[in-house]
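Asks: My questions all concern the structure below.
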């Protein structure tokens with residue numbers, strides 16, 4: 001029941017390498033192909049935003065800001081509630097210890 005079950009080995013045949021047939025050599029007097037002018041390295045393609053994509057980008061950014069803000073506020077609220085509860089426990093313990101010492 002707890003012994004591992006190994007899959008059967010792959011039964012696919014091993015691929016065979018087919019050597020391309022050699023063709024007749026190109027003529028020596030062939031004219032070279034025209035070469036396109038090299039593009040400038042420093043020039044990058046620009047991103048063009050349409051009004052619809054700019055609106056979607058702004059809406060997405062606003063949604064991210066709202067979500068991050070809600071998470072941060074909830075974390076701050078959790079820390080504040082924890083601090084208040086620890087303070088209340090400390091006051092109650094102090095009163096109990098004071099009451100016990102008074103009774104002696």
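Asks: I need the calculated FRET efficiency for the pair residue 90 and residue 68, taking r as the beta carbon distance and R₀ as 35 Å, to the nearest 0.05.
Replies: Details: r = 33 Å, r/R0 = 0.95.
After rounding, the FRET efficiency stands at 0.60.
Asks: Spin-label point model (7 Å from Cα, Cβ direction): what's the residue 22 to residue 55 distance in nm?
Replies: Here the answer is 6.7 nm between the modelled labels.
Asks: Between residue 79 and residue 98, what is 0.36 nm times their sequence separation minus the Cα-Cα distance? Round to one decimal in nm.
Replies: Extra length from residue 79 to residue 98 when fully extended: 4.0 nm.
Asks: Suppose we look only past 19 Å in the calculated P(r) of segment 39-101. What percent of the Cα-Cα pairs does that tail hold? Don't skip to the answer; put the middle values down first.
Replies: Numbers: 1311 of 1953 pairs.
The share of Cα pairs beyond 19 Å in segment 39-101 comes to 67 percent.
We did not get these values from a lab; they are worked out from the coordinates using the rules stated. None of these values were measured; they are calculated from a predicted model. FYI the Cβ positions are ideal-geometry reconstructions off the backbone, even for glycines, and counts take in every protein chain you see.
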